[in-house]
């Protein structure tokens, strides 16, 4: 059982085809699968950059959620994305890592790779930490 099993997936995660592949709460790392749907394509036929950024955001935030056993979720307050190569529609894999977990802010980094393992995009983010218990409030 993982912390993700206790909550229904948010609509954005469902849209992106978010699937937990692996996580290690001790190291603050996570691997997540996404479905780079053809409907996400830009006029050139590649997955649009905003969709890739959303996948990275959903990877990095999930690293914090998993590492805190579902006690904290994140509200992104800043994110920097570098697009390294075009992403073809298909399976994409996000890898996220906590760089620093403070009392009110987390610093994270992530990468998004294609099915062949090639890194397509990288990101760093900082996010406000919110207690999951406040979701019910």
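Every number in this text was worked out from the coordinates using simple rules, so none of it is lab data. Computed from a prediction, not measured in an experiment: that's the story for all the values here. Glycine gets a Cβ as well: all are built from the backbone with ideal geometry, and neighbour counts include every protein chain shown.
Details
- Complete set of residues in region 73-104 that are surrounded by 15 or more Cβ atoms within 10 Å (Cβ to Cβ), part of a strand (DSSP E or B) and either free of Cβ contacts under 8 Å to residues at least 40 places away in the same chain or over 15 Å from the mean Cα position of the chain (by Cα) (or both): 83, 101
- Taking the criterion of being in contact (Cβ under 8 Å) with a residue 60 or more places away in the chain, in contact with a helix residue (DSSP H, G or I) (Cβ under 8 Å, 6 or more places away or on another chain) and under 13 Å from residue 73 (Cβ atoms), the residues of region 105-131 that qualify are 127, 129.
- Taking region 4-41 as the range and being in a helix (DSSP H, G or I) and touching a residue at least 40 places away in the same chain (Cβ under 8 Å) as the test, the residues that pass are 4, 6, 12, 13, 16, 38, 40.
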